[in-house]
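Student: One structure, as structure tokens, below. Some questions next.
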Amino acid sequence: MTPRAWSPLRNGAPARASVRQWQWWLLALGWWTLNGFASATNYRFLRGSAGDAVTWEHALLTTMTSALLWVPFTVMAAALAERFPVETGRVRRGLAVHTAAALFVCLARAAVVVLLNPRVGWYPALPPFPTLLLTSFQSNFFLYWLLTGVVHAVHYARRYRERDTQLVQARLDALKAQLQPHFLFNTLNTISSLVHDDPAAADRMIARLSTLLRHSLDNTGTSEVPLREELGFVASYLEIEQTRFEDRLGVTWDVDPAALDARVPHLLLQPLVENAVRHGIAPRGAPGVVRISARRDDGLLRLEVRDDGVGFSTGPRDAARRGVGLPNTRARLVQLYGDRHTFEVRGAEEGGTVTTLTIPYRRAHPS
């Protein structure tokens, strides 16, 4: 696809999903409703097998009421697990809080039985309250702890994801820190040299630098952006480099329109393109070309950065010369996608270096 048919400078901003605070209420209501239906079916079957037929109305009334009474207690358990988790350094406090909560649930459910039994009919003749309390303890104490264990599992899973997100953000911040100092220095140095000799070129570089800085500020704290936005950032970066290298740097784009709405890690392509320019094209005397391609292929997004420069070496000096860009990119991909990605840097048969990667295709939210 030619640059005329697609402009990498047309960017869009991704929508951000909000976290719903009432998810626990929905989950609890859904789970205990299903539990009530299942218990009603089992209750009718057992009573029928014993020769004591029970109507659906009575079975649903008794079992569904008992199940739905657990909804507020489940939400309470979730809130307490978030506030007072049983974890290293706070084990005693967590155990004390949840033991007290479990005993409260047993007492509360026994009291509710006394209040609602005339309408619901759990017992033909209501037993003494101490007997009800003992029955409630036997039925509900360990069930509360089971719920607390499930909530703790969700709590720790979310904290693990948050730590992963923080690690990805830290790597992104390190990548920005790597990009900005030397790139800004080189760009400003080039602008200063062009101000008097070629004011128009200096103006173009200032405009592109402004675009890059605005993009960086607009996406502070953003880990993923649409591919079209990432390509727009790379295009601005390459226009600045083309001004610096003049006729020595050519750029070609081969972008599938179906891939433009894919979600990609922010600043995924820029370090790959920078390596192609700095370590592929810059060291050679003759002009060179950097080619960026993107394809959507069977649920995957395939990206490639190719140059026809001096070639790729795997020696320790070459690895040090490439800096932290490639290792940082590789680590971010592992952190974000695990084994659901590929990342390869190799020498091209015709000369130069080819960097290819695949990640799961996920469509960005409409702006």
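The values are calculated or read from the model by the stated rules, or taken from the named source; none is laboratory data. Treat the numbers as computed from the prediction; the structure is a model and nothing was measured. Every residue, glycine as well, gets a Cβ built from its backbone with ideal geometry; the counts of neighbours run over all protein chains shown.
Student: Among the listed residues LEU268, LEU238, identify the single one that is under 18 Å from ALA202 (Cα atoms), touching a strand residue (DSSP E or B) at 6+ places or on another chain (Cβ under 8 Å) and either outside any strand (DSSP E or B) or at pLDDT 90 or above (or both). Reasoning before the result, please.
Tutor: On the way: LEU268 fails: under 18 Å from ALA202 (Cα atoms).
Every option except LEU238 fails the conditions.
Student: Out of all the residues in region 236-245, which are surrounded by fewer than 22 Cβ atoms within 10 Å (Cβ to Cβ) and of a type outside the set (Ser, Thr, Tyr)?
Tutor: Passing the criteria: GLU239, GLN242, ARG244, PHE245.
Student: Taking region 62-92, which residues are part of a helix (DSSP H, G or I), buried (at least 18 other Cβ atoms within 10 Å of the Cβ) and in contact with a Gly (Cβ under 8 Å, 6 or more places away or on another chain)?
Tutor: THR62, THR63, MET64, SER66, ALA67
Student: Out of the residues in region 135-174 that are closer than 24 Å to LEU267 by Cβ and over 16 Å from the mean Cα position of the chain (by Cα), which is modelled with the highest pLDDT?
Tutor: Of everything passing the filter in region 135-174, ASP173 is modelled with the highest pLDDT.
Student: Now a separate question. Going by the structure shown, is VAL334 surrounded by fewer than 20 Cβ atoms within 10 Å (Cβ to Cβ), closer than 18 Å to LEU301 by Cα and modelled with pLDDT under 85? If you could, list the steps in order and put the result at the bottom.
Tutor: Details: surrounded by fewer than 20 Cβ atoms within 10 Å (Cβ to Cβ): yes; closer than 18 Å to LEU301 by Cα: yes; modelled with pLDDT under 85: yes.
In short, yes.
Student: For region 246-261, check the following and say yes or no: at least one residue is under 22 Å from HIS365 (Cα atoms), surrounded by fewer than 19 Cβ atoms within 10 Å (Cβ to Cβ), among the aliphatic types (A, V, I, L, M) and touching a residue at least 24 places away in the same chain (Cβ under 8 Å).
Tutor: Scanning region 246-261, I find at least one residue that is under 22 Å from HIS365 (Cα atoms), surrounded by fewer than 19 Cβ atoms within 10 Å (Cβ to Cβ), among the aliphatic types (A, V, I, L, M) and touching a residue at least 24 places away in the same chain (Cβ under 8 Å), so the answer is yes.
Student: Regarding region 255-264, can at least one residue be identified that is outside any strand (DSSP E or B) and under 17 Å from THR355 (Cα atoms)? Talk me through it step by step, then tell me what you get.
Tutor: From region 255-264, those outside any strand (DSSP E or B) are 256-261; that's our starting set.
Now restrict to residues that are under 17 Å from THR355 (Cα atoms): none.
For region 255-264, residues outside any strand (DSSP E or B) and under 17 Å from THR355 (Cα atoms): absent.
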